[in-house]
1. At 0.36 nm per residue, minus the direct Cα-Cα distance, what do B:Val113 and B:Asp42 gain on full extension? Give it in nm, one decimal, please.
2. Need one value for B:54-62: mean number of C-beta atoms belonging to other chains within 10 Å of its residues' C-beta atoms.
3. Students often forget the sequence filter, so: which lysines lie under 20 Å Cα-Cα from B:Lys117 once same-chain residues fewer than 8 apart are removed?
4. Can you list, largest first and rounded to whole Å, the semi-axes you get for segment A:6-106 by taking the square root of 5 times each eigenvalue of its Cα gyration tensor?
5. Taking chain B, how much of its Cα-Cα pair set, in percent, is spaced more than 27 angstrom apart?
6. Determine the gain in length on full extension of the stretch B:Gln33-B:Leu3; use 0.36 nm per residue of separation and subtract their C-alpha separation, reporting nm with one decimal.
7. Quick one: Cα convex hull volume of segment B:18-176, Å³ per residue?
8. Count charges around B:Arg124 for me, please; just the other residues with Cβ under 13 Å from its Cβ, Lys/Arg as +1, Asp/Glu as -1.
Amino acid sequence: MIEKLFLTLATLALLHAAYSTYEHLSLLKALGKPEGSLPLDIVYESILALILGLLGASLNAPPLKDITWASEMKKRTIDGMDSRLGFAHYKSRGKFLFASPHDAKI
Amino acid sequence: MSLQSALERLATYRANNTRASQDIFRNGLLVLQKSGFKKLGDDGWTTLEQLTLASIDVGRLDIADQCLQLIADNFPNSPRVDCLIGIRMEATEPPETALKYYADILEADSANVAIWKRRISVLRRTGKVEKALNELVQFVDTFYTDVEGWLELADIYASCNQYDHSFQALSHVLLLTPQNPFYVLQAAETAYTSEDFSLAIKMFLTVVDMTDADDSEQLLQESTPLGITVRAWFGCARRIAQNANLKSSSNTSAPKNLELLDELATERLRVAYSSSGQKGEIAKGRQEVFAWVATPLA
């Protein structure tokens, strides 16, 4: 929950800083001195947005998975490893076992 | 059950090669009804193929025909589609028709792996095991790296009680996939069945090594063996210690400290069956296992 809050705040702060920069530059252009420096609070706002965004993205990451081969093997089953699907028999009792009663024609 | 979770399940089944046809059919039908296949692109066709095979398995040939029509319309001359048509034919037509169909395709292109496998499968299913065996031996000679072929060969030999030949086929599997503990377990159990106990113990312990090896932080006493590790410990316990003169047909040297090994295996099995599952329930079969490991050696 808090991760999404951080991410939203960071995005809003960044957009706000960007808009303020645009407004400030238009103001400078109107005043005739386009070389003016950016006010510090916009800089602080963008850095804050960066930090909040980093925190939010790290906390929002999906849960970590194991990388060892042994842990992957723990999740498999013998039936999966021995299934030999290329040689599987498709004429089986499945037709009778899984058919619902009303479409059985015995 | 949402579309997303259904697709995820289908993808997991595809990755793990499981043959859970009923579940695949249920999930796949949901995706089909919500016409989710079009959005997936290339993956959609593999999923559709998976649904086709599952519906044939479950007996819902109407859905199978529908999916097959969709696939065949989109991929006119594909060998993979030919294979699917063959499988559909196997489900309803007599086996001779299917065999003739496969023979026609193999005449045109004799290296068609999928069709050759289907042919061998039909031969085995209709009882012509020797013919299937000969074809399969030719097949694995031609396509050495096909693990499925070697596994099927091992299975056919084991079903005819020729465990030595089965073990030889499994040794090729082990060469091809040395990192897979399941095949080592299968080889160990085959060796055990053909009474080559030294080799069997060696392989059972290899399985334990492969599956339980990342317990370096915890003490060995604290870790519970799970899954196929338990099966491997079963192979090491009890019976082996009785046969003092372990004659091994593969000339494997007998393991030293057999009694200690027996003790260790017994202790590991006790630990495995003592752990309680959810809600504190007792492991199934715990009493039988405890009784078995406690019987004195005759």
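1. Length gained between B:Val113 and B:Asp42: 23.4 nm.
2. Partner-chain Cβ atoms within 10 Å, mean over residues of B:54-62: 4.
3. A:Lys91, B:Lys100, B:Lys128, B:Lys131
4. Rounded to whole Å, the semi-axes are 65, 21, 12.
5. So the pairs more than 27 Å apart make up 57 percent of the total in chain B.
6. Working it through step by step, the gained length comes to 9.8 nm.
7. Spelled out: Cα convex hull of segment B:18-176, divided by residues, is 129 Å³.
8. With Lys, Arg at +1 and Asp, Glu at -1, the neighbours total +3.
The values are calculated or read from the model by the stated rules, or taken from the named source; none is laboratory data. Just so it is clear, the model here is predicted, and its values are computed rather than measured. All Cβ positions, glycine included, derive from the backbone under ideal geometry; neighbour counts span all protein chains shown. Accessible surface is based on the protein model in full, side chains and every heavy atom, while ligands, DNA and RNA are left aside. Shrake-Rupley method; radii C 1.70, N 1.55, O 1.52, S 1.80 Å.
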